[in-house]
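> Input: one structure, supplied below.
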Amino acid sequence: MEIVKQEVEGVQFYACTDPAWAGARHGFSTRLGGVSPAPWDSLNLGANRGDAPENVRWNFNWFCSAIGTDDEAIVKNHQIHSDIIRPVTRADILPDPAQPGTYEADGLITDEPEVCLTIFSGDCIPILLYDPVRRCIAAAHAGWRGTALGIAARAVEAMVRDYGCQAGNILAAIGPGIGPCCFETHGDVPDGLRSGLGEDAAPFIRPLSKPGKFSVDLKGANARWLERTGLRPEHIAICSACTACKLDEFWSHRVQGNQRGSMAAMIQLA
């Protein structure tokens, strides 16, 4: 399976085009195709970045229209770099897409078609999950701490435990995020990955020539977590785009700090 860059109505985004994903409308946004001025130019979907709410509202309207989701069905979290997965229903839909989430969690899960799961990133790894058999979806925000804690695995476990999914049926899309080309870290990040993945973390950690510095592959580590929970490797699609490399297409917290917008990943049952 592949994650492919697309453009609809002037909005550029990434999504899986494989027919197996037909029952889940979804997409990973870029920074292109919205109305926000600098430094949020132009498709800022972050409600707490300092952008005007009316811009965020318009941007959600256009992004949702492009990927086929409903901007009046959005559920968000207040992301805290945890491994908390939050089950949601129609009762959790926000009255305004420009309103920030308040519930502290980094994952969302539902089996209700009228709910659009929404997570945010600016280098962290966005992960969308879909079981086409049980008709259940999940979305997870995986920074390095969430990756070390195994939030991707926690989402799969919740789908299996609470919704009756079978891991072998679940499809995963790991979206744009910082790549090992740009994610240079101190030892705390490799230590965190080793504490969660054990020996399985080794392929995703590369010592650099600078003493005490490492290159870390967060996308690969999250894929490994998914495989450990029973997902078939051929059901895991990984987007190669690095948010820190391509500032013309994405925002990068690591490069730009807080003077930026936020990308979103969204998924809703068709």
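> Filtering the range 12-30 down to residues that are surrounded by fewer than 24 Cβ atoms within 10 Å (Cβ to Cβ) and of a type in the set (S, T, N, Q), which residue is farthest from Ser262 (Cα to Cα)?
Here the residue is Thr17.
> Quick check on the range 190-209: of everything there that is in contact (Cβ under 8 Å) with a residue 24 or more places away in the chain and either closer than 12 Å to Gly150 by Cβ or out of contact with any strand residue (DSSP E or B) (no Cβ under 7 Å at 6 or more places or on another chain) (or both), which residue is most open to solvent (accessible area, probe 1.4 Å)?
Among them, the one singled out is Ser195.
> Still on this structure, I have one more. Of the numbered conditions (1) crowded, with 24+ Cβ neighbours inside 10 Å; (2) more than 26 Å from Arg49 (Cα to Cα), Val133 fails exactly one; give the number of that condition.
(1)
> While we're on this one: Looking at Ile125, Ile119, Ile67, which is the one that is over 13 Å from the mean Cα position of the chain (by Cα) and in contact (Cβ under 8 Å) with a residue 24 or more places away in the chain?
Ile67
> If you don't mind, there's one more thing I want to ask. Kindly indicate whether Lys213 is more than 19 Å from Met1 (Cβ to Cβ), out of contact with any helix residue (DSSP H, G or I) (no Cβ under 8 Å at 6 or more places or on another chain) and either open to solvent by 10 Å² or more (accessible area, probe 1.4 Å) or touching a residue at least 12 places away in the same chain (Cβ under 8 Å) (or both).
Against the criterion (more than 19 Å from Met1 (Cβ to Cβ), out of contact with any helix residue (DSSP H, G or I) (no Cβ under 8 Å at 6 or more places or on another chain) and either open to solvent by 10 Å² or more (accessible area, probe 1.4 Å) or touching a residue at least 12 places away in the same chain (Cβ under 8 Å) (or both)), Lys213 qualifies.
> Quick test for you: out of Cys165, Cys182, pick the one residue that is surrounded by fewer than 19 Cβ atoms within 10 Å (Cβ to Cβ) and touching a helix residue (DSSP H, G or I) at 6+ places or on another chain (Cβ under 8 Å).
Residue meeting the stated conditions: Cys182.
> Would you mention how many residues in the range 134-189 are small (Gly, Ala, Ser), touching a Gly at 6+ places or on another chain (Cβ under 9 Å), free of Cβ contacts under 8 Å to residues at least 60 places away in the same chain and in a loop (DSSP other than H, G, I, E, B)?
The total comes to 1.
> Could you list, in sequence order, the residues of the range 45-60 that are of a type in the set (D, E, K, R) and in contact (Cβ under 8 Å) with a residue 60 or more places away in the chain?
Within the range 45-60, Arg49, Asp51 qualify.
The values are calculated or read from the model by the stated rules, or taken from the named source; none is laboratory data. Model, not experiment: these values are computed from the prediction. For neighbour counting, all protein chains shown are included, and Cβ atoms are generated from backbone atoms with ideal geometry for every residue, glycine included. Calculation scope for accessible area: heavy atoms of the full protein, side chains included, ligands and nucleic acids excluded. Shrake-Rupley method; radii C 1.70, N 1.55, O 1.52, S 1.80 Å.
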